[in-house]
Number of protein chains: 2
Amino acid sequence: MSLILTFLGKDGTGRTKVAIAAAKKLALQGKKVLLATQDTSPAFGLLLGVTLSPDPQELSPNLYGVQFQTSLLLERSWEEVKILEAQYLRMPLIKEVYGQELGVLPGMDSALALNAIREYDKSGKYDAIVYDGIGDQNTLRMFGMPEVLSWYLRRFQNIFSNSDLGRTLLPFLQPIASAVLNINLTPDKLSQTNKATNLLEEGRKAIADPNRVAAYLVTTGDPSSIATAKYLWGSAQQVGLTVGGVILNQAILPDWVAGELGEDLGQVYEKFDRDAITNTVTSEFAPLQISSIPHLVGEDWQALINAMPDFSQMATVPRPMEVDLATRQVKLFLPSFDKKQVKLTQNGPEVTLEAGDQRHNIELPPQLSGQSVKGAKFQNNYLILSF
Amino acid sequence: MSLILTFLGKDGTGRTKVAIAAAKKLALQGKKVLLATQDTSPAFGLLLGVTLSPDPQELSPNLYGVQFQTSLLLERSWEEVKILEAQYLRMPLIKEVYGQELGVLPGMDSALALNAIREYDKSGKYDAIVYDGIGDQNTLRMFGMPEVLSWYLRRFQNIFSNSDLGRTLLPFLQPIASAVLNINLTPDKLSQTNKATNLLEEGRKAIADPNRVAAYLVTTGDPSSIATAKYLWGSAQQVGLTVGGVILNQAILPDWVAGELGEDLGQVYEKFDRDAITNTVTSEFAPLQISSIPHLVGEDWQALINAMPDFSQMATVPRPMEVDLATRQVKLFLPSFDKKQVKLTQNGPEVTLEAGDQRHNIELPPQLSGQSVKGAKFQNNYLILSF
């Protein structure tokens with residue numbers, strides 16, 4: 001099992017640079033690290049000084065790099081689907097469709113990247129996987145996928161099997177199954193869907209465990225970056241992702257500009273009260289730890305590496321959800337949102353919380369499941385629901 | 001019909017700022033403009049000075065703003081699906097599932113945004129729609145969707161109807177249809193799939209028409225931004241999107257830093273030969289027009305607006321694909337890629353071109369369709385295929 005780390009922050013705050021420094025730090029600590037990027041543009045390679053390929057390659061002792069290429073991941077998944085089809089279908093259909101033909105549709109990037117991360121995790125080869133995504137919304141959707149997808153499965157299986165439609169279609173399913181599949185539908189064959197459910201369940205558990213998957217926020221002193229990082233802090237809770245800390249990029253200037261300015265850099269930096277910036281960020285993100293990083297000068301990563309937080313310290317950060325059965329309360333950690341930005345609905349069998357353009361269907365413990373929310377209030381960054 | 005504009009460039013180069021300035025410019029020219037952002041974080045509102053809502057609101061004369069919220073778009077689409085279901089199904093199934101419950105899966109952001117753009121376009125209310133996406137990969141996947149999806153439909157319908165499986169399932173389809181639908185399957189009812197095909201076909205045509213949909217590249221003087229913009233230039237061709245020009249952000253410093261420095265800004269700018277940067281960018285992106293923009297000082301957008309290109313001049317830019325039937329050649333414009341970065345396959349009935357993590361199934365005119373590629377060479381940024 002690997003520790004999976006990712007970084008969230010406004011575009012241009014240095015997320016990718018931070019991901020590289022984090023991977024280098026963990027590798028220097030002796031951990032086997034996979035640095036995985038989903039950026040296929042040349043930018044990542046220029047920053048790292050190496051062009052990555054779609055399979056892991058060793059970059060330095062303990063550090064491996066991989067560039068996810070969705071078209072190739074799709075091709076490989078397609079071959080696996082074909083093998084499954086040949087196993088289960090009497091008349092294979094898709095064998096005539098080649099993986100190299102398949103175009104990439106929206107959503108495939110995230111779905112295939114998450115699957116690739118899962119497989120690298122399962123391989124047991126890496127102590128840590130550092131994931132550099134293609135934007136915060138994508139990263140959150142990706143990590144939210146196991147939970148959202150398992151909700152869809154749960155809800156629609158339930159509705160289908162209890163519906164007139166399900167009962168009407170049932171007599172047709174057996175003949176179709178025996179015509180298409182080699183054999184009759186048996187509980188054993190049907191358990192293929194359970195395999196999918198198990199995969200999703202494993203994914204949800206991993207993402208909910210801060211010692212398995214964690215995100216760090218990245219911000220500069222720019223008020224707009226700080227506001228975005230706060231918004232992402234709240235949004236991450238909605239997909240069950242623990243935020244472990246904040247990395248404050250104190251590079252006032254872009255690295256290429258700092259490089260050109262050389263000795264004149266000091267004059268610019270003089271104008272900025274970096275302690276004041278640190279204080280602002282510290283108070284905005286309490287109780288999270290703040291790690292300040294300098295700009296990157298040339299290829300000298302050491303200063304950045306030294307400034308990285310200790311990624312194994314996740315014990316004290318707030319968890320997305322806490323349940324107190326004695327008081328019949330569910331506490332949802334939702335920093336950066338206020339009551340007006342949050343929508344609570346209970347139309348179906350579950351309670352749905354909408355915030356930050358993420359919908360979170362709250363799975364309640366059996367004692368509270370199916371019961372009505374009696375009250376909801378905001379207190380110290382928590383939304384407290386009473387049942 | 002609206003002119004649809006979007007902006008591609010490395011994170012942090014100022015894409016969003018450019019989108020706002022472009023929308024303001026078009027509105028000042030008397031066009032009715034919809035500025036649509038998919039960024040739900042507070043950053044867009046801070047830049048614009050207004051918090052947008054999920055429905056268009058007037059920001060200034062002729063300028064309307066809208067913030068796409070995927071969860072809300074999903075809810076509204078779901079209601080439409082329910083109405084369709086009630087029309088066509090004897091035993092509606094999903095009526096028990098509420099739009100407010102539905103979580104957002106990867107890909108829904110892009111699919112629903114494209115649909116929203118299509119509807120605003122069709123409404124006839126706007127002369128121009130300026131779309132600020134959530135990252136280049138997403139924007140390209142979104143605009144590539146009609147073409148890729150229509151390929152999947154074409155390929156799989158074809159395979160299914162010619163397959164043993166299709167023939168085996170056919171006897172079951174009629175009884176299922178009459179059990180589930182109110183009426184028998186008639187060609188008229190089946191034309192529902194044609195409706196989908198027509199929508200996709202309309203989308204493809206619009207995206208391929210540079211007077212309907214166009215992208216502009218945004219870069220700073222940072223070599224990494226220039227390399228990314230070049231990569232995006234090539235990648236956009238792969239989804240059939242015309243690139244109309246380059247916007248060179250000559251703001252050496254982030255806007256918030258420039259604001260703090262005030263009069264000392266000149267000293268920093270002195271160190272940079274901005275003419276040299278312009279020359280580099282001009283030669284890298286020939287034959288595209290380069291428009292240089294300054295940094296944004298406070299709320300003074302006028303200098304940026306003045307520096308925007310003339311978005312109606314799309315006549316001379318290279319088109320993604322040209323066919324010469326006389327010489328039996330297909331010319332694909334693929335700037336920034338070389339032969340090693342491009343993969344050409346012809347496994348299925350179509351020629352597939354892979355570059356920039358985009359797969360493009362090339363639809364050939366009838367005279368060349370189904371024939372083998374006899375030769376392929378790179379010449380002046382074009383990949384030339386001979387049949």
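Would you mind finding the one in B:ILE207, B:ILE252 that is more than 24 Å from B:PRO335 (Cβ to Cβ) and buried (at least 24 other Cβ atoms within 10 Å of the Cβ)?
Numbers: B:ILE207 fails: more than 24 Å from B:PRO335 (Cβ to Cβ).
Answer to the check: B:ILE252.
Based on this model, can you work out whether B:LEU364 counts as of a type outside the set (Gly, Ala, Ser), within 14 Å of chain A (Cβ to nearest Cβ) and closer than 23 Å to A:GLU96 by Cα? So that I can check it myself, show each step before the final result.
Working: of a type outside the set (Gly, Ala, Ser): yes; within 14 Å of chain A (Cβ to nearest Cβ): no; closer than 23 Å to A:GLU96 by Cα: yes.
Judged against the criteria, B:LEU364 is not a match.
Can you tell me which residue is nearest to B:GLN137 (Cα to Cα) among those in the range A:108-124 that are open to solvent by 20 Å² or more (accessible area, probe 1.4 Å) and among the small types (Gly, Ala, Ser)?
A:ALA111
Residues B:GLY65, B:GLY30: which one is under 20 Å from the mean Cα position of the chain (by Cα), assigned by TED's automatic domain parsing to the domain that holds B:ASP132 and at pLDDT 95 or above?
Of the residues listed, the single one that is under 20 Å from the mean Cα position of the chain (by Cα), assigned by TED's automatic domain parsing to the domain that holds B:ASP132 and at pLDDT 95 or above is B:GLY65.
Restricting to the range A:125-180, name every residue that is in contact (Cβ under 8 Å) with a residue 40 or more places away in the chain, more than 9 Å from chain B (Cβ to nearest Cβ) and surrounded by fewer than 16 Cβ atoms within 10 Å (Cβ to Cβ).
Result: A:LYS125, A:LEU153.
Find the residue count for the range B:78-105, including only residues that are in contact (Cβ under 8 Å) with a residue 24 or more places away in the chain, out of contact with any helix residue (DSSP H, G or I) (no Cβ under 7 Å at 6 or more places or on another chain) and either of a type in the set (D, E, K, R) or open to solvent by 80 Å² or more (accessible area, probe 1.4 Å) (or both).
The total comes to 0.
Looking at (1) without any contact (Cβ under 8 Å) to a residue 40 or more places away in the chain; (2) out of contact with any Gly (no Cβ under 6 Å at 6 or more places or on another chain), which one does A:GLU75 not meet, given that it meets all the others?
Tallying (1) without any contact (Cβ under 8 Å) to a residue 40 or more places away in the chain; (2) out of contact with any Gly (no Cβ under 6 Å at 6 or more places or on another chain), A:GLU75 fails exactly one: (2).
Sort out for me the strands (runs of 3 or more DSSP E) sitting completely within the range B:331-386 that have 1 or more residues that are in contact with a Lys or Arg (Cβ under 9 Å, 6 or more places away or on another chain) and among the aromatic types (Phe, Trp, Tyr). Break it down stepwise before answering.
Numbers: elements: B:343-345, B:351-355, B:358-362, B:375-379, B:382-386.
Once the strands (runs of 3 or more DSSP E) in the range B:331-386 are filtered for at least 1 residues that are in contact with a Lys or Arg (Cβ under 9 Å, 6 or more places away or on another chain) and among the aromatic types (Phe, Trp, Tyr), what remains is B:375-379, B:382-386.
Determine which member of the set B:VAL268, B:VAL281 is buried (at least 18 other Cβ atoms within 10 Å of the Cβ), farther than 29 Å from B:LEU3 by Cα and either polar (S, T, N, Q) or assigned by TED's automatic domain parsing to the domain that holds B:ALA19 (or both). Steps first, answer last, please.
Numbers: B:VAL281 fails: farther than 29 Å from B:LEU3 by Cα.
Just one listed residue meets the conditions, B:VAL268.
Would you mind stating whether B:LEU304 is more than 14 Å from every other protein chain (Cβ to nearest Cβ), surrounded by 18 or more Cβ atoms within 10 Å (Cβ to Cβ), touching a residue at least 40 places away in the same chain (Cβ under 8 Å) and of a type outside the set (Phe, Trp, Tyr)? If you could, list the steps in order and put the result at the bottom.
On the way: more than 14 Å from every other protein chain (Cβ to nearest Cβ): yes; surrounded by 18 or more Cβ atoms within 10 Å (Cβ to Cβ): yes; touching a residue at least 40 places away in the same chain (Cβ under 8 Å): yes; of a type outside the set (Phe, Trp, Tyr): yes.
The answer is yes for B:LEU304.
Quick one: which of B:ALA258, B:ALA276, B:ALA236, B:ALA215 is open to solvent by 20 Å² or more (accessible area, probe 1.4 Å) and modelled with pLDDT of 85 or more? Give the derivation first.
On the way: B:ALA258 fails: open to solvent by 20 Å² or more (accessible area, probe 1.4 Å); B:ALA236 fails: open to solvent by 20 Å² or more (accessible area, probe 1.4 Å); B:ALA215 fails: open to solvent by 20 Å² or more (accessible area, probe 1.4 Å).
That would be B:ALA276, the only listed residue that is open to solvent by 20 Å² or more (accessible area, probe 1.4 Å) and modelled with pLDDT of 85 or more.
Regarding A:THR16, is this residue open to solvent by less than 30 Å² (accessible area, probe 1.4 Å), within 30 Å of B:PHE337 (Cα to Cα) and polar (S, T, N, Q)?
Numbers: open to solvent by less than 30 Å² (accessible area, probe 1.4 Å): no; within 30 Å of B:PHE337 (Cα to Cα): yes; polar (S, T, N, Q): yes.
No: the conditions fail for A:THR16.
B:GLN341 versus (1) open to solvent by 70 Å² or more (accessible area, probe 1.4 Å); (2) at pLDDT below 90; (3) within 14 Å of chain A (Cβ to nearest Cβ): which is the lone unmet condition?
Condition not satisfied by B:GLN341: (2).
Would you mind telling me which numbered condition in (1) touching a strand residue (DSSP E or B) at 6+ places or on another chain (Cβ under 8 Å); (2) not in a loop (DSSP other than H, G, I, E, B) B:TRP78 fails?
Among (1) touching a strand residue (DSSP E or B) at 6+ places or on another chain (Cβ under 8 Å); (2) not in a loop (DSSP other than H, G, I, E, B), the lone unmet condition for B:TRP78 is (1).
If you check A:ASP11, A:ASP55, A:ASP39, which single one turns out to be within 23 Å of A:ALA214 (Cα to Cα) and open to solvent by 50 Å² or more (accessible area, probe 1.4 Å)?
Criteria check complete, one pass: A:ASP11.
The values are calculated or read from the model by the stated rules, or taken from the named source; none is laboratory data. In this text the structure is predicted, and so the values were computed from the model without any measurement. In this analysis, Cβ positions are derived from the backbone assuming ideal geometry, glycine residues included, and neighbour counts consider all displayed protein chains. In case anyone asks, the SASA skips ligands and DNA or RNA and just uses the protein heavy atoms, side chains included. Shrake-Rupley method; radii C 1.70, N 1.55, O 1.52, S 1.80 Å.
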